[in-house]
Amino acid sequence: MSAVAGTDRGVPVAERRLPPISEVAVATIAVVVMGGIYLAAHLPRRAPLGPAYGLLGIAGALLLWNVVSLSRLRPFAWDTFFLVGRWALLAYLIFAGMLEFIFIFDHVRGAILVILTLMLAIYAVNIPLLLAFSVARYQPVADGPDR
Amino acid sequence: MAEVTADQALAPAATPAPAAMPAGAPTVPEFQIVPLRGLPIVAAILVGLVAAIVGNRLWALDFFHVVGGGMWTGIDLFVGLIIGPILGRLSVQARIEFSTRFMPKMLIIMPTLVTMTLAAGWQLARHLGNLEAHYHNHAWLVASYCVVGVMAVIALGFLEPANLAVLFELKKPRPDGELIGKLMRRFVYTAGITGVMQVATLVIMTKLAVG
C-alpha cells in the first residue's frame with residue numbers, strides 16, 4: 001500500500017479505477033424519486049402497489065450492490081469516508097425524519113407508509129454514502145493496514 | 001505524476017485563458033467546509049417549518065413555500081446562468097477565493113431551502129385540496145413533481161458531491177488543480193441545468209397559482 005500522499009500504489013488517486021459506485025448511487029436516487037412521484041401522483045387514492053414494490057426492490061438492490069462494492073474496496077480512505085458519511089447521515093436523517101413526520105401527520109397508513117418509509121430509509125443512507133464516497137475517492141490513503 | 005499547475009488545470013477548455021496569473025501555486029485561504037455559525041439558523045428554520053406544518057396555518061405554510069421556493073429558484077438561476085459563466089472566466093486565485101467563501105454557504109443554504117419549500121409546499125397543497133386526483137390542474141402538479149424529481153437527482157447526485165469534493169480537495173496541502181477544475185465544471189454545468197429547469201418550475205407554479 002502506498003504511503004505517498006495523493007497516490008495509491010503509484011497511481012494518482014484521481015485516476016484510480018473504482019467500481020461505478022457514484023453512478024449506481026445516482027440511479028438509486030432516481031428510482032426512489034420515481035417511486036415517490038408514482039405514489040404522490042395517485043393521492044389521496046391508493047396507488048396500485050405493484051410498481052411501487054418493484055421500484056423499492058430495485059432501489060434496495062442497487063443500494064446493497066453499492067454497499068458490497070464499497071466493502072471490497074482496498075485500499076480506500078475509510079477515515080475520510082466515515083468522517084463525511086456520519087455527518088451527512090445525521091443531516092439526511094433529519095431531512096428524512098421531517099418527511100416521515102409529514103407522512104404520519106397526514107395520516108398515511110398501511111402498506112403505502114411502509115413503502116414510503118423504506119424509500120426514505122434508502123434515501124437517507126444512499127445520499128451520505130454517495131457524498132462520502134465522492135470525497136473519499138480523491139483522498140490519499142493513510143499509512144496503516146488495509147481495511 | 002507530472003504536476004499540472006492549478007492555473008492550467010482550472011481553466012475550462014471552452015473559456016479564454018485567465019489574464020495575468022500570479023506566479024507560483026495559488027493560495028488557498030482558510031475556510032470551514034461546513035460553516036458552523038449557520039447551523040443555528042438552519043435549526044431555527046426547521047423548527048419554524050415543523051411548527052407551520054403542525055399548526056397547519058395557511059399563511060405560515062404559504063410563507064415557507066413561497067420564500068423557500070423563490071430563493072431556491074432565484075439562487076439556482078443566478079448561480080447557474082450568471083455566477084457560473086463569470087466564475088469560468090476568473091483567474092484561478094479569484095476562483096479559489098470565491099469558491100472557498102461561496103461553496104460552504106451553499107452546502108447549508110440549498111438543502112435547507114429545498115426542505116422548507118417541498119415540505120411546506122406538500123402541506124400547502126394538501127391544505128388547499130390540490131393533491132386530490134380530481135383537482136383540475138392535477139396534471140400540472142404531477143409535472144411539478146417530475147421537474148423537482150429531476151432537479152433532485154441532479155442536485156443530490158452530481159452538484160452536491162462535486163461541491164463537497166472540491167472543498168475537501170482545497171483543504172489539502174497541495175490541491176490537485178486538474179481535479180478541482182473537473183469538479184468545478186461539473187458544479188457549474190449542473191447548476192446551469194437546474195437553473196434552466198427552474199424556468200419550468202416558474203411556469204408550472206404561476207399556472208397553479210392562478211388556478
Q. In region B:166-211, what count of residues is obtained for those that are among the hydroxyl-bearing types (Ser, Thr, Tyr) and crowded, with 20+ Cβ neighbours inside 10 Å?
A. 3
Q. From the list B:Ala94, B:Ala133, which one is of a type in the set (Gly, Ala, Ser), part of a loop (DSSP other than H, G, I, E, B) and at pLDDT below 90?
A. B:Ala133
Q. Can you find a residue in region B:140-147 that is out of contact with any Cys (no Cβ under 9 Å at 6 or more places or on another chain), buried (at least 19 other Cβ atoms within 10 Å of the Cβ), among the hydroxyl-bearing types (Ser, Thr, Tyr) and closer than 16 Å to B:Val50 by Cα?
A. no
Q. Out of region A:116-147, which residues are touching a strand residue (DSSP E or B) at 6+ places or on another chain (Cβ under 8 Å) and either modelled with pLDDT of 95 or more or aliphatic (A, V, I, L, M) (or both)?
A. A:Val141
Q | Single condition B:Val47 does not satisfy, out of (1) part of a loop (DSSP other than H, G, I, E, B); (2) aliphatic (A, V, I, L, M); (3) at pLDDT 90 or above | A | (1)
(Q) Suppose we filter B:Glu178, B:Glu169 for residues that are touching a residue at least 60 places away in the same chain (Cβ under 8 Å), facing chain A (nearest Cβ under 10 Å) and part of a helix (DSSP H, G or I); which single one remains? (A) B:Glu178
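The values are calculated or read from the model by the stated rules, or taken from the named source; none is laboratory data. All of these numbers come straight from a predicted model, not from anything done at the bench. Cβ sites come from the backbone with ideal geometry, for glycine too, and all protein chains shown count toward neighbours.
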